[in-house]
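Trainee: Submitted below is the structure of interest, expressed as structure tokens.
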Amino acid sequence: MKYISTRNQAEIVSFEEAVVKGLAQNKGLFVPQHIPLLPVDFFNNMNTRSNEDIACELLSFFTKESIDAVSLEAIVAQTLSFPTPIVPIKDNIYALELFHGPTQAFKDVGARFMSRCLAHFVKNKKVTILVATSGDTGSAVANGFFEVEGVEVVILFPKGKVSPYQEYQMTSLGKNIQVLEVEGTFDDCQSLVKQAFDDENLNSQRNLSSANSINIARLLPQMLYYFFAYKDLLSTQPKELLFSVPSGNLGNLTAGILAKKMGLPANFLAAMNTNDTFDLYLKSGNYSPKSSVFTYSNAMDVGAPSNFERLEYLYKGQWELMQAEIQSLSVDNVTTVQQMQQVYEQNNYILDPHGAVGMYCLEQKLKEGQTGIFLETAHPKKFEQIVRKAIPSFPNAVVDLGGCQKTTIRKNYEDLRDFLAD
Ligand SMILES: *Cc1c(COP(=O)(O)O)cnc(C)c1O
């Protein structure tokens, strides 16, 4: 499989190049040059096979020219080191829980796969991954690269601007994960990282690389859990499946559509908060990105979803095709909290705000004869303050930063350079 850029069909690269580069020229995104269609037998035989086995077959279509079968097996085993169970919530509605990984959000799946692919490609060279974070990405990347051979990770976060729980998730690891607390803002952190990438001396010394969020290696493994969910439901003889995907940058939705294009018999619903750029696009055919607004489901506060370009590619740039296959709905904060409250009282299940958006939209759109699955993208304790608006008794997370390690630096490039040069 070759990969092409969404902005230039003539830019053709291998999987290895796509992963190592991260971004195509002119800010294009890498996409697979074609989508393999699975035979019907694949689906009929699914429930006799392990998830790892299925994952290797699916991913090898996309990676086999760059990663041998034995290495892929090891990468898959490390990527799927936690379960993604299907949990019944009420009649015909299931939660697909994606929060059983080390940082309790689905981003662990993509971060783990990407980190292992990158480590495979750089082999004996030592690389340093440099990331600026405002909270969540840093912890997923840190955990994704934790104890990966040959890779050092340096994370910069703005002092006092991440939650204690997020800080704990980054600073409690140690080993190959180093954390810098910057006396400045997130923008200062980003600017320091950029200066380091522009510093040729440092670059040749440390082999710097980024853990770009739109790396194709983060997207591909996210298609797997849609197949696993289908497999898990086979024994219940499900009706037509409808997946509701709480969406921000549309990565999870794009991975689901990829699964659909490969033959997975399922329908998709994009569940959004009031950042509704994609909902408006599906309704009108006009794509108008805008600034994001703050909501209770803040990991979905995206006004210009980065994977929109990949979805356009999958639908050949044709709005009619996309809106015929993808449903959408947008929900406000009040409804999100009501949903959490109601599901807790009636079904004894604690939703996180993102899952609440997903489940609410699912209930609105689910038709007679369909089985609904919403993605529960994070553990409620990651968003405990919001959860307490609906469920006041929800406990405070206890965080002990005692054994944690970080280094404080000023927002001067010299401080970062000196730290990295050591
Ligand atoms: C990132 C994130 C989302 C949004 O996913 P996209 O792939 O960006 O659409 C939803 N929920 C949680 C908890 C997230 O961290």
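Trainee: Give the shape of the stretch 269-322 as rounded, prolate or oblate, defined through the alpha-carbon gyration tensor: a ≥ b ≥ c are the square roots of its eigenvalues, a/c under 1.5 means rounded, and otherwise the shape is prolate if a/b is larger than b/c and oblate if not.
Mentor: It is prolate, given that a/c is not under 1.5 and a/b is the larger ratio.
Trainee: With +1 on the Cβ of every Lys and Arg and -1 on the Cβ of every Asp and Glu, and nothing else charged, how large is the dipole of the chain about its Cα centre, in debye rounded to the nearest 20? Working shown, then result.
Mentor: Numbers: 37 positive and 46 negative charges, 59 e Å.
Magnitude of the dipole: close to 280 debye.
Trainee: Can you put L314, L156 in order of accessible area, largest first, using a 1.4 Å probe?
Mentor: If we order L314, L156 from most to least accessible, we get L314, L156.
Trainee: I would also like to ask the following. Could you look at the stretch 1-101 and say what percent of its accessible area is carbon and sulfur, using a 1.4 Å probe and all protein chains?
Mentor: 51 percent
Trainee: Collect residues whose amide H, placed 1.01 Å from N in the peptide plane, falls under 5 Å from the amide H of E11; neighbours closer than 5 in sequence don't count.
Mentor: Amide H neighbours of E11, under 5 Å, 5+ apart: S5.
Trainee: Taking 30 Å as the cut-off for C-alpha to C-alpha distance, list the pairs among K27/K290; K64/K261; K194/K260; K107/K260; K239/K290; K64/K406 that go past it. If you can, show how the numbers build up before the last one.
Mentor: Working: K27/K290 19 Å; K64/K261 20 Å; K194/K260 38 Å; K107/K260 21 Å; K239/K290 38 Å; K64/K406 39 Å.
In this structure, K194/K260; K239/K290; K64/K406 exceed 30 Å between Cα atoms.
Trainee: Percent of accessible area on the stretch 232-292 owned by carbon and sulfur, 1.4 Å probe?
Mentor: 45 percent
Trainee: Suppose every K and R has +1 on its Cβ and every D and E has -1 on its Cβ; what is the size of the dipole of the stretch 256-352 about the Cα centre, in Debye to the nearest 20? Can you show the working numbers first?
Mentor: Numbers: 6 positive and 10 negative charges, 67 e Å.
In debye, rounded to 20, the stretch 256-352 gives about 320.
Trainee: In the full protein assembly as shown, how much of E345 is accessible to a 1.4 Å probe, in Å² to the nearest 10?
Mentor: That residue has around 140 Å² of solvent-accessible surface.
Trainee: When the accessible area of the stretch 363-422 is split by element with a 1.4 Å probe, what percent falls to carbon and sulfur?
Mentor: Roughly 43 percent, rounded to a whole number.
Trainee: When the Karplus curve 6.51 cos²θ - 1.76 cosθ + 1.60 is applied with θ = phi - 60°, which whole-Hz ³J(HN,Hα) does each residue of the stretch 396-405 get, with x for Gly and Pro?
Mentor: After applying 6.51 cos²θ - 1.76 cosθ + 1.60, I find 5, 6, 8, 10, 10, 7, x, x, 7, 10 Hz.
Trainee: Right, something else. If you take the square roots of the eigenvalues of the alpha-carbon gyration tensor of the stretch 285-354 and sort them as a ≥ b ≥ c, do you get rounded (a/c under 1.5), prolate (a/b over b/c) or oblate?
Mentor: Prolate.
Trainee: Then there's this: Summing +1 for each Lys or Arg and -1 for each Asp or Glu, what net charge is found among the other residues whose Cβ lies under 12 Å from the Cβ of L401?
Mentor: My count for the surroundings of L401 gives -2.
Trainee: Leaving out ligands and nucleic acids, note down the accessible area per residue over the chain with a 1.4 angstrom probe, in whole Å².
Mentor: Ligands and nucleic acids excluded, the result is 42 Å² per residue.
Trainee: Oh, and also: For D400 and Q346, compute 0.36 nm times the residue count separating them, minus their Cα-Cα distance, and round to one decimal in nm.
Mentor: 16.0 nm
Trainee: Here's a follow-up. Report, in deg cm²/dmol and to the nearest 500, the calculated mean residue ellipticity at 222 nm for the chain, where each DSSP H run with n ≥ 4 adds -39500 (n - 2.57) and the sum is divided by the residue count. Present the calculation step by step, with values, prior to reporting the outcome.
Mentor: Values: 19 runs with 182 residues, N = 422.
Result for the chain: -12500 deg cm²/dmol, rounded to the nearest 500.
Trainee: Which values of log₁₀ I(q)/I(0), to two decimal places, follow from the Debye formula for the stretch 195-260 at q = 0.18, 0.23 Å⁻¹ with a uniform point scatterer at every Cα?
Mentor: Log10 of I(q)/I(0), two decimals: -0.75, -0.97.
Trainee: Sort T236, T335, T48 from largest to smallest accessible area, using a 1.4 Å probe on the heavy atoms of the protein chains.
Mentor: Result of the area sort, largest leading: T48, T236, T335.
Trainee: Compute the Cα gyration tensor for the stretch 300-409, then decide on rounded, prolate or oblate, letting a ≥ b ≥ c be the square roots of its eigenvalues: rounded whenever a/c is under 1.5, prolate when a/b is larger than b/c in the other cases, and oblate in all that remain.
Mentor: oblate
The values are calculated or read from the model by the stated rules, or taken from the named source; none is laboratory data. Owing to the predicted nature of the structure, the values given are computational and were not obtained by experimental measurement. Quick reminder, even Gly has a Cβ in these numbers, built from the backbone with ideal geometry, and neighbours come from all protein chains shown. Keep in mind that these areas ignore ligands, DNA and RNA; they rest on the heavy atoms of the full protein, side chains included. Shrake-Rupley method; radii C 1.70, N 1.55, O 1.52, S 1.80 Å.
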